[in-house]
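Participant: Below you will find the structure I want to go over with you.
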Amino acid sequence: MTVLYSEESWTRNKPRVYLHHVIQDCGLGLGRALALAVRVVIALITRTFFQPDEYFQALEPAHFLVFGYGDLTWEWTSNSPIRSIFYPFLNVPIYWLLKTFRLDGTFLLVVAPKVLHGLLASGTDIWARELSQKTSFFLSLTSVFHVLSLSRSISNSLETTFTTIALCYYPWDTSVLPSRSQLRKFLIFAALACSVRVTSAITWAFLIPPLLWQLSRNSTLLRAFITEAISIASLALCLLFTLDSIYYSRPTLTPLTFLRVNASSTSLFYGTAAWHYYLSQALPLLVGPALPFVLHGAYLAFTQGTRPLKLLLYTVVWTTAEWRFLHPLVPVTHLLAARSLCRYMTARRSHFMSLALLSLPPALYVARWHSFAQISVLSHLRRLPDTELRSIGFLMPCHSTPAQSHLHLPIPVWRLTCDPPLHGEDLSTHQDETDAFFKNPAEFLSVRFPDHVDPTFPPSIDAPQRYEWPSHVVLFGALLRGPGVEDFLRDKGYTEVWHAGNGIEEDPRRRGGVRIWQWQALNVLGE
């Protein structure tokens, strides 16, 4: 394993930069314990909604596999599924143990997966310290984006950990040939990153060609590397093929179907990024208060850095179009910031304390308050008595809340969908169900719902063409401002029984907090 750059080499005989004493003085063992504690605590205190993939591409498939019910999206149910069970399967043993010991009805259903993913997230911090010593470790621990995303059950988070470990084993020192053991470890963790998300291969497409050139000085080592690369890649593909074929009950190679679908017009359904996307949106969101130091470190890498550091800079710029998919390269931005901090700053703890204090308010906000009602509404619904909660309908933009991974109730539940054009529909005219609803909510409700509420609350077996009225409707407050929506719900016998604020929201459809409307005749039936 190679340290890409040491802090001593960056300072060039200037006074050593001392971090906050807790981090600066900690040894390797204490550093690992600190990283584990920080990530698990962050995972446990996080009560906010970030991305649907946290649930629908991780927890929901695992819940469905163990308990036999849940909410699977089109990525899992189409004729050519594009998601592998490899990452969601990490949650299966937890759910199985909870089911076996009859603890699935307790708080552990939500908390236990949080602990698992907090532990996995700590690997990013631990190996960031191995990659470039203590300054990157400090930046990693205090990163706002890491607080927002790293401890969540999102595949990008585990990909970030595996990518950071693989970068530690990458032979950055071009003057010394690496050992076969080091190269093997690099390939294993790179393959694991690609197994979690196939698009991780883009990163290694930048770094492997110069490595091959470096190894060409030793033909024996070069042949061994190529042989092991083919063997490890084949083993990873066989593992994915086996797991996915068992899960889908038919031969399935999800990396292939994923690439095929994303190479089609289906990918355009989710939009494209502007040319200034990286500088104006992605980079500020990913690095937060460390942005000036990242930019300065990038300048140093481009003008004065060695070839490995320049390669990392190019990798950050050209990897992907959606900012959260850049998460695996956030440790690289911390490396660039550390280069700037250690080379040009005096030995003052105040600089690092300032970064930590600047990071604290947004970190607390994204962990505790931003979109928190989209999570707390599920906790409230789950606590309702069975005689009251008979079915649920979500009149919200698709996947605005978790599903059975947080609700865990085998009752009829429906929600609006947002499936892309999977059957050759014209992309310019295709309209998903969410868009159709919000185009004219009152008309949608009058056309796709019956005239009267059925007090038995049957499942909506003909959805999305036809829905049944539920006992409880969950919606954002902004929907009630639409023409005729509130009056329509009241005419059907619904009234608001719960409301919670949701923080700052730029999507106008998600403003006004989260609300629950209940069919009031339930009170009469209960009596």
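Participant: Residues Phe162, Phe186: which one is among the aromatic types (Phe, Trp, Tyr) and open to solvent by less than 10 Å² (accessible area, probe 1.4 Å)?
Facilitator: After applying the criteria, what remains is Phe186.
Participant: What's the number of the only condition in (1) open to solvent by 50 Å² or more (accessible area, probe 1.4 Å); (2) part of a helix (DSSP H, G or I) that Tyr55 fails to meet?
Facilitator: The failed condition is (1).
Participant: Just to be sure, is Leu34 closer than 29 Å to Phe137 by Cβ, surrounded by fewer than 16 Cβ atoms within 10 Å (Cβ to Cβ), modelled with pLDDT of 85 or more and in contact with a helix residue (DSSP H, G or I) (Cβ under 9 Å, 6 or more places away or on another chain)?
Facilitator: Criteria not met by Leu34.
Participant: Turning to a different aspect of this structure: From Phe444, Phe457, Phe488, Phe437, which residue is without any contact (Cβ under 8 Å) to a residue 24 or more places away in the chain and either among the basic types (Lys, Arg) or crowded, with 16+ Cβ neighbours inside 10 Å (or both)?
Facilitator: On inspection, the qualifying residue turns out to be Phe444.
Participant: Look at Pro397 and say whether it is open to solvent by 20 Å² or more (accessible area, probe 1.4 Å) and at pLDDT 95 or above.
Facilitator: no
Participant: Still on this structure, please answer the following. State all residues of the range 428-442 that are in a loop (DSSP other than H, G, I, E, B) and in contact with a Phe, Trp or Tyr (Cβ under 9 Å, 6 or more places away or on another chain); if no residue qualifies, say none.
Facilitator: Hits for the range 428-442 are His430, Asp432.
Participant: Is it fair to say Ser84 is at pLDDT 95 or above, open to solvent by 20 Å² or more (accessible area, probe 1.4 Å), in a loop (DSSP other than H, G, I, E, B) and in contact with a Ser or Thr (Cβ under 6 Å, 6 or more places away or on another chain)?
Facilitator: Yes: the conditions hold for Ser84.
Participant: Which condition number in (1) over 30 Å from Leu422 (Cβ atoms); (2) outside any helix (DSSP H, G or I); (3) open to solvent by less than 50 Å² (accessible area, probe 1.4 Å) is the one that Arg102 fails?
Facilitator: If we test Arg102 against (1) over 30 Å from Leu422 (Cβ atoms); (2) outside any helix (DSSP H, G or I); (3) open to solvent by less than 50 Å² (accessible area, probe 1.4 Å), just (3) comes out false.
Participant: At pLDDT 95 or above and open to solvent by less than 40 Å² (accessible area, probe 1.4 Å): is that true of Leu480 in this structure?
Facilitator: Considered against the rule, which asks whether it is at pLDDT 95 or above and open to solvent by less than 40 Å² (accessible area, probe 1.4 Å), Leu480 comes out as yes.
Participant: Inside the range 495-506, can you point out the residues that are open to solvent by less than 30 Å² (accessible area, probe 1.4 Å) and either among the charged types (D, E, K, R) or part of a loop (DSSP other than H, G, I, E, B) (or both)?
Facilitator: Listed by number, the list holds a single entry, Asn502.
Participant: Would you confirm whether any residue within the range 315-328 is within 23 Å of Phe162 (Cα to Cα), surrounded by 15 or more Cβ atoms within 10 Å (Cβ to Cβ), at pLDDT 70 or above and of a type in the set (A, V, I, L, M, F, W, C)?
Facilitator: yes
Participant: Please identify the pairs in which a residue from the range 167-191 that is over 16 Å from Gln214 (Cβ atoms) has its Cβ atom under 8 Å from the Cβ atom of a residue that is at pLDDT below 95 and open to solvent by 50 Å² or more (accessible area, probe 1.4 Å), counting only partners at least 6 apart or on another chain.
Facilitator: Every condition considered, the pairs that remain are Cys168/Met1; Cys168/Trp127; Lys185/Met1.
Participant: Determine which single condition Gly123 fails, assuming it passes every other condition in (1) more than 15 Å from Ala35 (Cα to Cα); (2) in a helix (DSSP H, G or I).
Facilitator: Condition (1) is where Gly123 drops out.
Participant: Whether any residue in the range 23-38 is within 22 Å of the chain's Cα centre (by Cα) and part of a loop (DSSP other than H, G, I, E, B) is what I want to check.
Facilitator: no
Participant: Right, next: Out of Trp517, Trp469, I need the residue that is outside any loop (DSSP other than H, G, I, E, B) and either buried (at least 17 other Cβ atoms within 10 Å of the Cβ) or touching a residue at least 24 places away in the same chain (Cβ under 8 Å) (or both). Which one?
Facilitator: Exactly one residue qualifies, and that residue is Trp517.
Participant: Using the structure shown, decide if Leu427 is crowded, with 16+ Cβ neighbours inside 10 Å and among the aliphatic types (A, V, I, L, M).
Facilitator: Spelling it out, it is not the case that Leu427 is crowded, with 16+ Cβ neighbours inside 10 Å and among the aliphatic types (A, V, I, L, M).
Participant: Name the residues in the range 47-92 that are hydroxyl-bearing (Ser, Thr, Tyr) and touching a Gly at 6+ places or on another chain (Cβ under 9 Å), would you?
Facilitator: Listed by number, the list holds a single entry, Thr48.
Participant: Here is a list of conditions, (1) more than 30 Å from Leu253 (Cβ to Cβ); (2) open to solvent by 10 Å² or more (accessible area, probe 1.4 Å), and Asp125 meets all of them except one; can you say which number that is?
Facilitator: (2)
Participant: Right, next: Would you check which residues across the range 230-251 are surrounded by fewer than 17 Cβ atoms within 10 Å (Cβ to Cβ) and of a type in the set (Gly, Ala, Ser) and list them?
Facilitator: Result: Ser231, Ala233, Ser234, Ser245, Ser249.
Participant: Leu445 passes all but one of (1) under 19 Å from Pro412 (Cα atoms); (2) under 32 Å from the mean Cα position of the chain (by Cα); (3) part of a helix (DSSP H, G or I); which number fails?
Facilitator: Unmet condition: (2).
The values are calculated or read from the model by the stated rules, or taken from the named source; none is laboratory data. All values derive from a computational prediction rather than experimental measurement. A quick note on method: Cβ atoms are made from the backbone with ideal geometry, for glycine too, and the neighbour counts reach across all protein chains shown. Remember, those area values only see protein heavy atoms, side chains included, never the ligands or the DNA or RNA. Shrake-Rupley method; radii C 1.70, N 1.55, O 1.52, S 1.80 Å.
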